[in-house]
Amino acid sequence: MCLTLEVKPEKEQSFINYVKDKFNNKLQISPWGGPNSIIEIAAGGVNKVTGIKKLADFYNIEQKDVIAFGDEFNDQEMIEYAGFGVAMKNGQPKVKAIADDVTDLDNNHDGLADYLENHFKI
């Protein structure tokens, strides 16, 4: 579980610093990037990879067989963890840099669906 907040852009860094100073490793704070100052706060050590690992273990799926799609900073760990990470066309440059591939279309134009249809013939 996590909390997603929008903060004033000029307050974003001071808010992040405050949470890190007051809660140290008890909370994990991840800015989304993009045009809005969105911040995601979760319990320390909990991120999207946590959920993916639980599902993969439950269904006996090996890490190399996991595919993940993402666009923002909070997706970096998931993209790195997956056996195959795909960044969205409109994703953050850092996310695109670590991904194995990038979609041809963005989030607003069914980029994920288009990618699955064209690359996996589904």
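The values are calculated or read from the model by the stated rules, or taken from the named source; none is laboratory data. Quick caveat: nothing in here was measured; it's all calculated off a predicted structure. So basically every Cβ, Gly included, is an ideal-geometry build from the backbone, and we count neighbours across all protein chains shown. The area values use the complete protein model at the heavy-atom level, side chains included, leaving out ligands, DNA and RNA. Shrake-Rupley method; radii C 1.70, N 1.55, O 1.52, S 1.80 Å.
Brief remarks follow.
- Per residue, the solvent-accessible area of the range 1-106 (1.4 Å probe, heavy atoms of protein chains only, all protein chains present) comes to 63 Å².
- Among residues other than GLN76 with Cβ under 11 Å from its Cβ, the summed charge is -2 (Lys and Arg +1, Asp and Glu -1).
- Between LEU116 and GLU80, the simple label model (points 7 Å from Cα in the Cβ direction) yields a spacing of 2.7 nm.
- Its alpha carbons give the chain an Rg and a Dmax of 15.7, 49 Å.
- Accessible area of LEU116 in the full protein assembly, 1.4 Å probe (Å², nearest 10): 40 Å²
- Of the chymotrypsin sites (Phe, Trp or Tyr not before Pro) found in the range 28-122, those in coil by DSSP whose Cβ has at most 10 other Cβ atoms within 10 Å are TYR59.
- Given their separation in residues at 0.36 nm each and the Cα-Cα distance between them, LEU105 and VAL7 gain 32.4 nm when the chain is fully extended.
- Cα-Cα over 22 Å, subset of LYS20/LYS54; LYS48/LYS96; LYS22/LYS96; LYS26/LYS53; LYS20/LYS48: LYS20/LYS54; LYS22/LYS96
- A DSSP coil position with no more than 10 other Cβ atoms inside 10 Å describes the following GluC sites (Glu not before Pro) in the range 45-103: GLU62.
- Nonpolar atom fraction for the chain, defined as the carbon and sulfur part of the 1.4 Å probe accessible area, stands at 53 percent.
- The chain - mean residue ellipticity at 222 nm from DSSP helices (-39,500 (n - 2.57) per run, n ≥ 4, rounded to 500): -10500 deg cm²/dmol
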